[in-house]
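Working notes, beginning with the structure itself.
What follows is calculated from the coordinates using simple rules that are stated; it is not laboratory data. These numbers were taken from a predicted model, which means no experiment stands behind them. Cβ atoms come from the backbone with ideal geometry, glycine included; neighbour counts cover every protein chain shown.
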Amino acid sequence: MFWLAFVLLFAVQQGGGSTIGRSSRSNDPNCGKASVGLNAAPQRIHGGQYATQGMFPWMVSLKNLKPENLHYKHYCGGTLYNNQWVITAAHCAAEATGGTDPSMWRVRAGLTSVVTWEDGREDYNVSRVILHPAYHEFTIGSQDVAHHDVALIKLASPITVNNLVNNICLPDSDAIPGTNCVVSGWGYHDIQNQVDGAESERLKWTYAPLLDPAYCSKDHVWGTLEVSSIQVCAGYEHGRDDACDGDSGGPLICPSPDGSRWELHGIVNWGEQPCGDPHKPTMYARVTAFKSWIEQTIQSN
């Protein structure tokens with residue numbers, strides 16, 4: 001079903017007190033930059049690393065507020081974009097109790113821990129939950145697959161930029177296979193936790209190189225029936241370091257062509273269970289395929 005990871009080329013200190021984004025089709029000039037970061041490195045990070053506050057300022061935790069969702073715990077990941085909008089996976093809302101009812105959701109920003117209090121963490125109510133109109137799920141063999149798995153969440157009030165919170169950039173074009181991208185989330189972070197059903201209490205990240213679609217379409221990987229042109233796959237052929245359950249809706253980010261910022265290239269959709277199997281990379285919604293819908297929906301809402 002669904003998954004995790006991160007790395008920063010360099011840290012870029014942000015000013016505080018301004019409102020994120022614009023209600024236009026262009027990216028905000030300060031998008032995709034973080035106050036805390038790491039130098040890019042070619043080696044993989046086995047099992048991922050824990051993030052610190054400010055490293056992923058666009059990363060949010062979506063909380064479902066139905067009483068049966070114990071303690072309103074983390075439900076899915078999401079990515080801040082354009083003032084008061086979050087980009088996530090449609091299956092997060094479609095499968096949740098309360099679904100697209102905005103009163104059943106809360107968005108938490110500026111955090112790394114989903115359990116303990118951190119200074120700078122803020123919660124936001126939700127006013128709209130919008131699924132892509134072509135979203136649908138189906139099963140091939142034993143594999144659950146989702147297509148057009150994209151949703152938008154509008155916050156009831158705008159988020160303000162500071163060192164811990166910023167929006168992501170949307171790309172103008174696709175990154176090429178082999179690009180060393182990063183995925184992040186609070187999902188299951190090792191084999192034992194998959195068995196026990198325990199997600200990570202702290203935000204984790206790992207590298208997730210973009211893979212050639214021809215490889216992902218091979219029969220021993222996902223096959224042509226499960227892989228489409230509106231998706232991108234990323235990870236390692238050997239498996240192990242990957243996104244997992246609980247990371248759904250979170251960002252796959254890649255460096256911009258000039259290396260100055262991070263761009264959102266994928267939204268965590270689905271993958272193998274248990275996570276980390278060889279030749280079973282995570283599948284993401286390809287953001288460039290949905291960019292027009294994202295921008296038009298935001299403009300009209």
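Annotation: amide H-H contacts under 5 Å for residue 165 (H modelled 1.01 Å from N, sequence separation of 5 or more, or interchain): none. The overall shape of segment 80-192 is rounded: from the C-alpha gyration tensor, with semi-axes ordered a ≥ b ≥ c, the ratio a/c is less than 1.5.
Summing +1 for each Lys or Arg and -1 for each Asp or Glu, what net charge is found among the other residues whose Cβ lies under 14 Å from the Cβ of residue 33? Please list the in-between numbers first.
On the way: positive: 261; negative: 28, 258, 263.
Spelling it out: positives minus negatives among the neighbours equals -2.
Excluding same-chain neighbours fewer than eight residues apart, the lysines reachable from residue 218 by a Cα-Cα span under 18 Å are 280.
In summary, the lysines within cross-link reach of residue 73, defined as a Cα separation below 18 angstrom excluding same-chain residues under 8 places away, comprise 63, 204.
List the lysines whose alpha-carbon lies under 22 Å from that of residue 66, not counting same-chain residues fewer than 8 positions away? The qualifying lysines are 154.
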